[in-house]
Amino acid sequence: MGSIADNLQAVGQRIAAAATASGRAPDEIVLLAVSKTWPASAVSEAVAAGQSAFGENYVQEGVDKIAALRAQGANGLTWHFIGPLQSNKSKLVAENFDWVHSIDRLKIAARLSAQRPPGLPPLNVCVQVNISGEASKSGCAPAETMALAESVAALPGLRLRGLMAIPEPQSDPEAQRQPLLRLKALYEQLRAAGLPVDTLSMGMSHDLETAVSAGATMVRIGTAIFGQRDKQ
Ligand SMILES: *Cc1c(COP(=O)(O)O)cnc(C)c1O
C-alpha cells in the first residue's frame, strides 16, 4: 500500500467516481477515516494530508488520541465514536467526542445527553440499526428505529443526525446492496416523519461504492486508508 496521503487520495477518488456514477455530487459524501488501533502519529499523517474527521471504536484509545492531537495543536478535527458503547464509558464519550454513531437503546442516549458538558454543543448522534438481523451484532431492530429516533431527537444534550449500520459482509454485490437499501428506506421514513436528519452512515473499505450508490452520506473507511489491522 502507498502512504496514508496516497491512500486518502485514492479513497477520495473512489468516492468521487461512485458518486458521479449515481448522479450524485462527490461533496455530498463525508469521508470518516477510521483510525482505531493506529497510533496518534498515523492520525497526524492523515491530518497533514487534509483529513479532519476520524472514527474510533475503543473509548480509552480514542480519548488518548484526541488528547495527543490536541497537544500537537491540531485544530478543527471532529471525532466520531463508532464502536459498541457500555454505560460505564458513556461519560468519557460525552465529554470528548463530537459524534456517536452507535446509539442502539434509549438508556445509553439518555446517559450521553445528561453527561454532555453544558459548554459544548449537543453531541451529534446516529441510531445504529441491526439491518442484517444478525443475533450477534449490535443495533436496534429495524421496526424499532422510528420510535428510538423520535425519543433520541427529544433529548436536549444530543442532536439526532441520522442512521448507521454495519451490514453482514456479502460476496455477491446484489446481496450486499439489499441491506444498504433497507437502511436508506428507513432513513427516508425518518425524514418523511419530519425528523431533521442529514446523515446516512454506511459503507466501509469493502463496500464503499455500493454504499454510495445506495445513498450513503458518510462512509467509514479504515483499512483502505491506514492498512490492514492486526486486531479487530
Ligand atoms: C472498523 C470499522 C470500520 C472501518 O472498516 P474497514 O473495513 O477497515 O474500512 C467502519 N465502521 C465501523 C463501525 C468499524 O468498526
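Screening LYS107, LYS91, LYS137 for residues that are at pLDDT below 95, surrounded by fewer than 19 Cβ atoms within 10 Å (Cβ to Cβ), among the basic types (Lys, Arg) and out of contact with any strand residue (DSSP E or B) (no Cβ under 8 Å at 6 or more places or on another chain) leaves exactly one candidate, LYS137.
Residues that are within 9 Å of the ligand (Cβ to nearest atom) and in a loop (DSSP other than H, G, I, E, B) within the range 211-226 comprise just one, GLY222.
Taking every residue in the range 1-19 that is closer than 13 Å to GLY227 by Cα and pairing it with any residue that is assigned to a loop (DSSP other than H, G, I, E, B) and of a type outside the set (Phe, Trp, Tyr), at least 6 positions away or on another chain, the pairs with Cβ-Cβ distances below 7 Å are MET1/GLY227; ILE4/ALA49; ALA5/ALA49; ASN7/MET1; LEU8/ALA49; LEU8/GLN51. Any residue at all in the range 84-97 that's touching a Ser or Thr at 6+ places or on another chain (Cβ under 6 Å) and under 20 Å from VAL129 (Cβ atoms)? Within the range 84-97, one or more residues are touching a Ser or Thr at 6+ places or on another chain (Cβ under 6 Å) and under 20 Å from VAL129 (Cβ atoms).
Scanning the range 148-166 for residues that are outside any loop (DSSP other than H, G, I, E, B) and either more than 17 Å from SER113 (Cα to Cα) or of a type in the set (Lys, Arg) (or both) returns ARG159, ARG161, LEU163, MET164. Looking only at the range 192-210, which residues are outside any loop (DSSP other than H, G, I, E, B), in contact (Cβ under 8 Å) with a residue 40 or more places away in the chain and either surrounded by fewer than 21 Cβ atoms within 10 Å (Cβ to Cβ) or of a type in the set (A, V, I, L, M, F, W, C) (or both)? Listed by number, the residues that qualify are THR199, LEU208, GLU209.
Within the range 60-75, not a single residue is open to solvent by less than 20 Å² (accessible area, probe 1.4 Å) and over 20 Å from PHE226 (Cβ atoms). So which of GLN51, GLN13, GLN86 is on the phi < 0 side of the Ramachandran plot, surrounded by 15 or more Cβ atoms within 10 Å (Cβ to Cβ) and among the polar types (S, T, N, Q)? Answer to the check: GLN51. Scanning the range 188-208 for residues that are within 16 Å of the ligand (Cβ to nearest atom) and among the β-branched types (Val, Ile, Thr) yields a single hit, THR199.
For the range 163-178: of the residues being open to solvent by 10 Å² or more (accessible area, probe 1.4 Å) and within 16 Å of the ligand (Cβ to nearest atom), which is farthest from VAL152 (Cα to Cα)?
SER171
The values are calculated or read from the model by the stated rules, or taken from the named source; none is laboratory data. These numbers were taken from a predicted model, which means no experiment stands behind them. No Cβ is skipped: glycine too gets one built from the backbone with ideal geometry, and neighbour counts run over all protein chains shown. Heavy atoms of the whole protein, side chains included, go into the accessibility calculation; ligands, DNA and RNA do not. Shrake-Rupley method; radii C 1.70, N 1.55, O 1.52, S 1.80 Å.
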